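A quick write-up on the structure given underneath.
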Amino acid sequence: MLFENTIIGPIRSRRLGNSLGINLLPLKRKFCTYDCIYCECGWNKDTIENKVELPTYDDVKQQLEKRINELKAEGVVVDSFTFAGNGEPTLHPDFVRVVDLVVEMRDKHYPNAVITLLTNATQLCKPEIYDALQKLDNPVLKLDAGMEVMRNSINKPTSEKYSFEELVENLIRFGSKGIIQTLLLRGTNEGKVISNVSEEDFTEYLNLLKKIRPKYVMLYAIDRATPEKDLEKLTVDELEFYAEKIRNEGVDVKVYG
Ligand code: SF4
């Protein structure tokens, strides 16, 4: 399901409080460098025929200002400005400028709010994106597997240029300034068994976390309808079981079951 607006909410979120979403992606198609088997926006192919129409910097500015003015008039407090939406936010050509705009608006209107970005981290290789992410309170970086073959099966990168090796290098470079987000699952896709909690993959994943040393890890299970139907939602107890393994490596973790 696609988000139908550029500015979304605020939506009440367990981890972010009152979260005002900023969707820098098209409204009629998904636009991402991954095609995750669990993506709530569906498969890339389902909307690929629609044009990539991105909101301009001026659109975002005007809509954000309007929504903030409405919320302030209603006495609504925003706890997080959250970049998320129909794909990968860092693909927007004015992403860096928009980050500066959101920082400015946050400082002016809701100085206690945090700025959160949900990203698949494939664009961290670009220095300007890497630097922009440093300005955010919560850069949340996706890492769903310990090995390339499992990353490719779960996240289905749209190009070979999004190599796992480079992704991991960038996550290590970002280190404790980033939060790692991981969705744990089991299932099948295209006749292949998929599991990022297999002993082999999860062991490698723990090894990567020891090298990345993130601020903390967010562990998730599937929450909504997924494009691949043959996926199993892990229970909270299972998430806690894997969270404990992460804690045992000296890395903080929060569980969202
Ligand atoms: S990175 Fe996010 S938006 Fe892109 S396919 Fe995966 S879940 Fe969907």
Test result for residue 128, away from the ligand (no atom under 16 Å from the Cβ), among the charged types (D, E, K, R) and within 17 Å of residue 89 (Cβ to Cβ): yes
Checking residue 24 against (1) under 30 Å from residue 230 (Cβ atoms); (2) within 16 Å of the ligand (Cβ to nearest atom), the condition it does not meet: (1)
Positions within segment 97-138 being part of a strand (DSSP E or B), in contact with a helix residue (DSSP H, G or I) (Cβ under 9 Å, 6 or more places away or on another chain) and β-branched (Val, Ile, Thr), in sequence order: 114, 115, 119
Any hit, segment 79-90, residues being surrounded by fewer than 17 Cβ atoms within 10 Å (Cβ to Cβ) and either out of contact with any Asp or Glu (no Cβ under 8 Å at 6 or more places or on another chain) or at pLDDT 95 or above (or both): no
Some residue of segment 143-152 being touching a strand residue (DSSP E or B) at 6+ places or on another chain (Cβ under 9 Å), assigned to a loop (DSSP other than H, G, I, E, B) and modelled with pLDDT under 95: no
Criterion (more than 16 Å from the ligand (Cβ to nearest atom) and either in the same structural domain as residue 188 (by TED's automatic domain parsing) or not hydroxyl-bearing (Ser, Thr, Tyr) (or both)) met by exactly one of 31, 95, 81: 81
Residue check for residue 177: basic (Lys, Arg), surrounded by 15 or more Cβ atoms within 10 Å (Cβ to Cβ) and more than 24 Å from residue 2 (Cα to Cα): no
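Kindly check whether there is at least one residue in segment 247-255 that is acidic (Asp, Glu) and under 19 Å from the mean Cα position of the chain (by Cα). Step through it out loud before you land on a result.
The first filter runs over segment 247-255 and keeps only residues acidic (Asp, Glu), leaving 249, 252.
So of that shortlist, the ones also under 19 Å from the mean Cα position of the chain (by Cα) come out as 252.
Yes.
The values are calculated or read from the model by the stated rules, or taken from the named source; none is laboratory data. Predicted model only: the values in this text are computed from it and were never measured. Methodologically, a virtual Cβ is constructed for each residue, glycine included, from the backbone with ideal geometry; neighbour enumeration extends over all protein chains shown.
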